[in-house]
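The values are calculated or read from the model by the stated rules, or taken from the named source; none is laboratory data. Keep in mind that what you see is a predicted model, and the values were worked out from it rather than measured. A quick note on method: Cβ atoms are made from the backbone with ideal geometry, for glycine too, and the neighbour counts reach across all protein chains shown.
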Amino acid sequence: MPHIELRPGIHWVGVNDRVTDLFEGLWPLPSGVSYNAYLVVGKKAALIDGVKAPFAEELLENISQVLDPAELDYLVVNHMEPDHSGALPLLRRLAPKAEVLATPAALPMLARFYGITAGVRGVEDGETLDLGGKVLKFFHIPFVHWPETMATYEETERVLFPCDAFGGFRALDGVLYDDQVDVREYEDEILRYFSNIVGMHTRPVLKAIDKLAGLPIEVIAPSHGLIWRKDPGHIVELYSRWARMEGRPEATLIYGSMYGHTRLMAEAVARGVRAAGAAVRVLDASRVHVSYLIREAWKRKGLIIGAPTYDGGIFPPLERLLRMLERKRLKGRVVGVFGSYAWHGGAVRKLVEQAEKLGWQVVGEAGFQGAPTPEDLAAGEALGREVARHVREG
Ligand code: FEO
């Protein structure tokens with residue numbers, strides 16, 4: 001896409017990435033992702049955020065539609081992760097007079113990542129920069145989701161550039177703004193981004209939301225995904241709700257199965273949840289990427305895990321999921337566990353231990369040997385009803 005002027009003197013000059021398979025080498029990108037960069041032009045010009053290195057030429061082409069990159073006065077680095085900072089070495093060469101502005105915590109990273117030590121300045125929290133007709137103000141928001149992060153606010157047009165905060169997966173399909181799409185179609189990919197990338201740092205997210213709450217914001221322009229100009233409050237509310245990890249009063253049932261016994265039990269547990277009046281989403285951990293499993297676990301208050309015993313422990317796809325949920329620090333889940341074993345149990349006990357270690361409320365368990373009997377399946381249905389009862393009653 002060519003540059004787009006989103007407010008007078010403020011231009012989107014970012015790129016869509018539809019070729020990277022795994023974001024951070026981990027998270028699938030079936031619908032791509034955008035790296036949003038912005039030009040703010042007064043008497044002086046600043047570039048806010050950047051793009052991943054392979055897209056540097058495209059960024060420069062977009063900048064060139066507005067001004068000669070050599071005329072840039074400032075490169076504002078809100079965040080050092082290379083999906084935004086990767087074009088800095090090239091920008092440095094083509095815009096030699098531009099001063100690099102970042103938080104003091106980012107300066108050692110600039111040196112170690114790119115060898116950039118000259119023409120760099122650490123900006124203070126609350127510092128302003130008059131560009132002549134445009135005024136930037138910097139807010140440190142550490143650990144959203146790296147320690148050096150900041151948000152930049154343009155005072156005259158009331159545009160907030162919060163970098164990763166309020167961003168999401170999914171490239172911009174010929175659009176830029178929230179009022180050009182049905183936002184609900186984007187929310188799953190925004191939540192997947194939030195839970196996969198930012199989820200571990202929910203407290204800093206809430207702190208940042210509090211810190212920025214007093215600003216008269218008309219547009220939120222994050223570094224990934226849609227720009228929010230019709231209803232910036234909506235993305236703040238979504239991020240705030242997800243950071244509080246409330247979850248819908250429904251259940252996510254994630255299971256693994258080697259020979260179908262735990263799968264049969266999963267069907268019974270799901271019937272129990274529905275019979276008790278709660279919605280349930282069932283996912284096979286062997287076949288659905290953990291990125292999506294994390295998102296679905298984030299979405300709902302109830303979490304039901306089914307795993308056969310494998311090597312005396314939890315079936316590996318579920319073990320991996322639990323490890324990831326521990327790293328992402330998902331809290332406040334009402335949990336039920338179940339699973340089969342061949343000659344000696346182990347998985348169900350370890351699932352309970354792991355759930356309790358994570359601070360989740362375990363409301364039931366159902367282990368069984370071999371193929372589930374009618375009595376086992378009835379116990380599974382009862383487990384589902386119990387989880388549903390707890391999530392519905394809050
Ligand atoms: Fe979009 Fe943390 O980088």
Subset of segment 371-393, residues under 22 Å from Arg248 (Cβ atoms) and of a type in the set (D, E, K, R), comes to Glu381, Arg385, Glu386, Arg389, Arg392, Glu393
Note on Gly345: of the conditions (1) small (Gly, Ala, Ser); (2) outside any loop (DSSP other than H, G, I, E, B); (3) touching a strand residue (DSSP E or B) at 6+ places or on another chain (Cβ under 6 Å); (4) more than 11 Å from Thr262 (Cα to Cα), unmet is (2)
Scanning segment 222-243 residue by residue, the ones that are more than 30 Å from Pro317 (Cα to Cα) and part of a helix (DSSP H, G or I) total 6
Is it the case that some residue within segment 325-341 is under 16 Å from Met245 (Cα atoms), crowded, with 22+ Cβ neighbours inside 10 Å, among the charged types (D, E, K, R) and assigned by TED's automatic domain parsing to the domain that holds Ala371?
yes
Practice item. Taking Ala105 as the residue in question, decide whether it is within 16 Å of the ligand (Cβ to nearest atom), farther than 30 Å from Ala297 by Cα and either modelled with pLDDT of 95 or more or touching a strand residue (DSSP E or B) at 6+ places or on another chain (Cβ under 7 Å) (or both). Key: yes
Filtering segment 233-258 down to residues that are in contact (Cβ under 8 Å) with a residue 24 or more places away in the chain, away from the ligand (no atom under 16 Å from the Cβ) and more than 30 Å from Ile305 (Cβ to Cβ) yields His234, Val236
Out of (1) assigned to a strand (DSSP E or B); (2) surrounded by fewer than 15 Cβ atoms within 10 Å (Cβ to Cβ); (3) touching a Phe, Trp or Tyr at 6+ places or on another chain (Cβ under 7 Å), the one Arg121 does not meet is (3)
* Do we have Gly126 as assigned by TED's automatic domain parsing to the domain that holds Glu155 and more than 16 Å from the ligand (Cβ to nearest atom) here? -> yes
- Task: Say whether the condition of being charged (D, E, K, R), without any contact (Cβ under 8 Å) to a residue 60 or more places away in the chain and assigned by TED's automatic domain parsing to the domain that holds Val41 is met by at least one residue in segment 140-148.
- Result: no
Every listed condition ((1) touching a residue at least 24 places away in the same chain (Cβ under 8 Å); (2) assigned to a helix (DSSP H, G or I); (3) more than 16 Å from the ligand (Cβ to nearest atom)) holds for Asp210 save (1)
Restricting attention to segment 85-99, the residues that are crowded, with 21+ Cβ neighbours inside 10 Å and away from the ligand (no atom under 16 Å from the Cβ) number exactly 3
Counting only residues in segment 166-203 that are within 14 Å of the ligand (Cβ to nearest atom), in a helix (DSSP H, G or I) and hydrophobic (A, V, I, L, M, F, W, C), the one farthest from Val13 (Cα to Cα) is identified as Met200
By residue number, the members of segment 55-84 that are within 16 Å of the ligand (Cβ to nearest atom) and touching a strand residue (DSSP E or B) at 6+ places or on another chain (Cβ under 7 Å) are Phe55, Leu59, Val76, Val77, Asn78, Asp83, His84
Residue count, segment 142-165, condition under 21 Å from Asp210 (Cβ atoms), away from the ligand (no atom under 14 Å from the Cβ) and assigned to a loop (DSSP other than H, G, I, E, B), comes to 2
In this structure, is Lys137 under 30 Å from Asn196 (Cα atoms), away from the ligand (no atom under 16 Å from the Cβ), of a type in the set (Lys, Arg) and modelled with pLDDT of 95 or more? yes
Is it fair to say Thr117 is more than 16 Å from the ligand (Cβ to nearest atom), farther than 19 Å from Pro54 by Cα and of a type in the set (S, T, N, Q)?
yes
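One line per residue, one yes/no per condition, for (1) under 15 Å from Leu238 (Cβ atoms); (2) among the acidic types (Asp, Glu):
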{"site": "Glu148", "(1), (2)": "no, yes"}
{"site": "Phe166", "(1), (2)": "yes, no"}
{"site": "Asp173", "(1), (2)": "no, yes"}
{"site": "Glu189", "(1), (2)": "yes, yes"}
{"site": "Val198", "(1), (2)": "yes, no"}
{"site": "Val205", "(1), (2)": "yes, no"}
